């Protein structure tokens, strides 16, 4: 069964450093998403992406964040200058249509020291 | 903004018991989804609901999308130890983003 994959599974970085989190969505899906989950809290929406542009973004998704689909399979989330409060699990998700079921990857645990 | 209120926050039950959890919102959602999350992993889809009033089953799981599109419940029958985890409801907004509830942490005692 097709699945969303994410790398790395765990990323440790120093405050102020740039990180890139990578995702490979399900191959025939057209809509891509990033979510964040701080330890012990609920999953929060960051950004949605369709047709090579951002469809919607939350207040969390400020100028430090960017997303890109560099080729036909990868979808990346970049944090330009990480802060301590960026430490969280980051989940990528994809769906066939914009209002269809979203399938999640296993997540990348980001730890900012 | 749109919010989902999920209850209960946690449940401690005996193996074999039935479980019920629910979500309510003041907003209407297009789609209602139930996910399960194990520690350190991503949410795994359990049931998706697309129509108001829809009642859907997936094995021992049953979920319904409220007629007003503002609420949903999830029932688990005859719980087993592997049902342990955090269950999240999530609603899809008009633009497609998912709004998650706070989660229900389920503990099952053998």
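For a quick check of your reading: which strands (runs of 3 or more DSSP E) sit entirely within the stretch B:21-62 and have at least 1 residues that are more than 11 Å from residue B:75 (Cα to Cα) and within 14 Å of another protein chain (Cβ to nearest Cβ)? Steps first, answer last, please.
Working: elements: B:31-37, B:44-49, B:55-58.
Result: B:31-37, B:44-49.
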Having 1 or more residues that are within 14 Å of another protein chain (Cβ to nearest Cβ) is the bar; report the strands (runs of 3 or more DSSP E) wholly within the stretch B:64-110 that clear it. B:85-92, B:98-100, B:104-109
Go through (1) within 15 Å of the chain's Cα centre (by Cα); (2) within 20 Å of residue B:34 (Cβ to Cβ); (3) surrounded by fewer than 18 Cβ atoms within 10 Å (Cβ to Cβ) for residue A:96 and report which single condition fails. (1)
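Quick one: would you say residue B:1 is surrounded by fewer than 13 Cβ atoms within 10 Å (Cβ to Cβ), at the interface with another protein chain (Cβ under 10 Å from one of its Cβ atoms) and part of a loop (DSSP other than H, G, I, E, B)? It would help to see each step written out before you state the result.
Working: surrounded by fewer than 13 Cβ atoms within 10 Å (Cβ to Cβ): yes; at the interface with another protein chain (Cβ under 10 Å from one of its Cβ atoms): yes; part of a loop (DSSP other than H, G, I, E, B): yes.
So residue B:1 fits the description; yes.
Looking at A:24, A:67, which one is modelled with pLDDT of 90 or more, surrounded by 21 or more Cβ atoms within 10 Å (Cβ to Cβ) and over 18 Å from residue B:99 (Cβ atoms)? Explain how you work it out, then say what you get.
Numbers: A:24 fails: surrounded by 21 or more Cβ atoms within 10 Å (Cβ to Cβ).
Within the list A:24, A:67, the selection yields A:67.
Tell me yes or no: at least one residue of the stretch A:82-98 is touching a helix residue (DSSP H, G or I) at 6+ places or on another chain (Cβ under 8 Å) and either in a loop (DSSP other than H, G, I, E, B) or modelled with pLDDT of 95 or more (or both). Write out each step before concluding.
So in the stretch A:82-98, the residues touching a helix residue (DSSP H, G or I) at 6+ places or on another chain (Cβ under 8 Å) come out as none.
Within the stretch A:82-98 (the criterion being touching a helix residue (DSSP H, G or I) at 6+ places or on another chain (Cβ under 8 Å) and either in a loop (DSSP other than H, G, I, E, B) or modelled with pLDDT of 95 or more (or both)), the answer is no, since none of the residues qualifies.
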Residues of the stretch B:56-82 that turn out to be over 14 Å from residue B:25 (Cα atoms), surrounded by 17 or more Cβ atoms within 10 Å (Cβ to Cβ) and over 13 Å from the mean Cα position of the chain (by Cα), as a count: 1
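Pick from the stretch B:4-20 the residues that are farther than 30 Å from residue A:9 by Cβ and not in a strand (DSSP E or B): which of them is nearest to the chain's Cα centre (by Cα)?
First, the residues of the stretch B:4-20 that are farther than 30 Å from residue A:9 by Cβ: B:5, B:7-8, B:12-20.
Narrowing the set further to residues that are not in a strand (DSSP E or B) leaves B:8, B:15-18.
On the way: B:8: 11, B:15: 19, B:16: 19, B:17: 17, B:18: 14 Å.
Selected residue: B:8.
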Members of the stretch A:30-45 found to be at the interface with chain B (Cβ under 9 Å from one of its Cβ atoms), assigned to a strand (DSSP E or B) and closer than 19 Å to residue A:109 by Cβ, listed by number: A:33, A:35, A:37, A:44, A:45
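Mind checking whether some residue in the stretch A:65-74 is part of a strand (DSSP E or B) and at the interface with another protein chain (Cβ under 10 Å from one of its Cβ atoms)? Even if it seems obvious, please write down each step before you answer.
To start, the set of residues in the stretch A:65-74 that are part of a strand (DSSP E or B) comprises A:65-68.
Narrowing further to those that are at the interface with another protein chain (Cβ under 10 Å from one of its Cβ atoms): none.
Within the stretch A:65-74, not a single residue is part of a strand (DSSP E or B) and at the interface with another protein chain (Cβ under 10 Å from one of its Cβ atoms).
The values are calculated or read from the model by the stated rules, or taken from the named source; none is laboratory data. All figures in this text were calculated on a predicted structure; none of them were measured in a lab. We place every Cβ from the backbone using ideal geometry, glycine too, and count neighbours over all the protein chains shown.
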